[in-house]
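Since every read-out is calculated from the coordinates, none of them should be taken as a lab result. Small disclaimer: the values here were computed from a predicted structure and weren't measured. Positions of Cβ are generated from backbone atoms using ideal geometry, with glycine treated the same way; all protein chains shown enter the neighbour counts.
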Amino acid sequence: MWQIVSNSPETTALLGEWLGQAAEAGLIVFLQGDLGAGKTHFAQGVARGLGITEPVNSPTFTIINEYRGRLPFYHMDLYRLTEPEEGLMLGIEEYWYGDGVSLVEWPERLEEYWPTHFLQVEIQYGTEENQRYITVTAFGALPARVLACWRQKGEEHG
Ligand code: ADP
Ligand code: MG
């Protein structure tokens, strides 16, 4: 587990950027946090770290947005799924078990179908206005390897 304190939206995005640099094909990131926690800022950083230059916004209505970077990037927001089967119909599992990097907001919506290997990133409000607590947990070997690489980048930059 890795616990980080972010004191600005830019820091949260930078953390995401280092994850994007550390990411490997097949990585699934579950990004959790309340509305306004900073999920979109984090996701935009991940995209930047993967070398994606086009603008990245939460796919609230489309559910899945696909981008081409160093690796394919699948950004999903499952908030609007009314039942898990709807997610399966959209082929979400094919993305998860494919060769890109999947970043999933509101993964709770598909809890019955969770993979065994994923990197969990939880963003919580801190006690001060621009403060966020970010907790990272790796489940499985690939996520653990990515986490080690990500953490190293974080520590190199202080
Ligand atoms: P979400 O996608 O989780 O709803 P957003 O990334 O869209 O959240 O918005 C986060 C909001 O919180 C933005 O208005 C941002 O400026 C603000 N904010 C303040 N401090 C932070 C921080 N440390 N990290 C991320 N966002 C922050
Ligand atoms: Mg958002």
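Might you report the magnitude of the Cβ-based charge dipole of the chain about its Cα centre, with Lys and Arg at +1 and Asp and Glu at -1, to the nearest 20 debye?
Numbers: 10 positive and 22 negative charges, 108 e Å.
For the chain, the charge dipole is close to 520 debye.
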What is the sum of charges around MET89, taking Lys and Arg as +1, Asp and Glu as -1, for the other residues whose C-beta is under 15 Å from the C-beta of MET89?
-> -4
Using the Karplus equation 6.51 cos²θ - 1.76 cosθ + 1.60 (θ = phi - 60°), what ³J(HN,Hα) coupling, rounded to whole Hz, does each residue of the stretch 91-99 give in order, writing x for Gly and Pro?
-> x, 4, 5, 5, 5, 4, 9, x, 9
All other residues with a Cβ under 13 Å from the Cβ of GLY38 taken together, and with Lys, Arg as +1 and Asp, Glu as -1, what is their net charge?
-> -3
By Cβ neighbour count within 10 Å, fewest first, VAL146, VAL104, VAL5 rank VAL5, VAL146, VAL104
Once the chain is represented by equal point scatterers at the alpha-carbon sites, with solvent omitted, what log10 I(q)/I(0) does the Debye formula produce at q = 0.10, 0.13, 0.17, 0.18 Å⁻¹?
-> -0.31, -0.54, -0.95, -1.08
If you add up the charges near LEU15, with Lys and Arg at +1 and Asp and Glu at -1, over every other residue whose beta carbon is less than 15 angstrom from its beta carbon, what do you get?
-> 0
Go through the stretch 1-102 and name the trypsin sites (Lys or Arg not before Pro) that are in a DSSP coil and have 15 or fewer other Cβ atoms within 10 Å of their Cβ.
-> ARG70
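First check a/c for the stretch 1-85, with a ≥ b ≥ c the square roots of the eigenvalues of its C-alpha gyration tensor; if it is under 1.5, answer rounded, and if not, answer prolate when a/b is larger than b/c or oblate otherwise.
Oblate is the answer for the stretch 1-85, as a/c is 1.5 or above yet b/c matches or exceeds a/b.
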Note to self, the chain gives a 222 nm [θ] from helices alone (DSSP H runs n ≥ 4, -39500 (n - 2.57) apiece, / all residues, nearest 500) of -10000 deg cm²/dmol
In degrees from 0 to 90, rounded to the nearest 10, what is the angle of the helix 9-22 Cα long axis to the longest principal axis of the chain?
-> 70
For the chain, what is the relative contact order in percent, using Cα pairs closer than 8 Å and at least 6 residues apart in sequence?
-> 32
